[in-house]
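Beneath this line is the structure, given in structure tokens, with notes to follow.
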């Protein structure tokens, strides 16, 4: 019975990030493109850019741990990319 419930787990999270301009948002989006492809089995990730807004949607048919792990990977990549971009501009 527990395994039947585990097979029915579905979770989704959408995060919207707003950057100071379109160029920064586009650079961040390009840096996170590999994250869309490198997800655990049963997890999908998409990013959508609209001007300076980056929207990330992650879905998981597995445990919440996979969803949170993928989200954490995104945030780590975004943080590193943002720090790099802003340090180059200075």
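The values are calculated or read from the model by the stated rules, or taken from the named source; none is laboratory data. These numbers were taken from a predicted model, which means no experiment stands behind them. Note: ideal-geometry Cβ built from the backbone for every residue, glycine included; neighbour counts use all protein chains shown.
Based on what the data block shows, is residue 58 surrounded by fewer than 18 Cβ atoms within 10 Å (Cβ to Cβ) and modelled with pLDDT under 95? So residue 58 fails the test. Mind checking which residues of the range 32-90 are more than 17 Å from residue 13 (Cα to Cα) and touching a helix residue (DSSP H, G or I) at 6+ places or on another chain (Cβ under 6 Å)? Passing the criteria: 51, 52, 77, 81, 85. Checked against (1) over 30 Å from residue 88 (Cα atoms); (2) in contact with a strand residue (DSSP E or B) (Cβ under 8 Å, 6 or more places away or on another chain), residue 41 passes all but a single condition, namely (2).
Determine if the range 36-46 includes at least one residue that is at pLDDT 90 or above, surrounded by fewer than 16 Cβ atoms within 10 Å (Cβ to Cβ) and within 14 Å of the chain's Cα centre (by Cα). So far as the range 36-46 goes, yes, one or more of its residues are at pLDDT 90 or above, surrounded by fewer than 16 Cβ atoms within 10 Å (Cβ to Cβ) and within 14 Å of the chain's Cα centre (by Cα). For residue 83, are the conditions met, namely being without any contact (Cβ under 8 Å) to a residue 24 or more places away in the chain, out of contact with any strand residue (DSSP E or B) (no Cβ under 6 Å at 6 or more places or on another chain), surrounded by fewer than 16 Cβ atoms within 10 Å (Cβ to Cβ) and not in a helix (DSSP H, G or I)? In short, no. Selection within the range 20-33: residues that are without any contact (Cβ under 8 Å) to a residue 40 or more places away in the chain and out of contact with any strand residue (DSSP E or B) (no Cβ under 6 Å at 6 or more places or on another chain). The member of this set that is surrounded by the most Cβ atoms within 10 Å (Cβ to Cβ) is 26.
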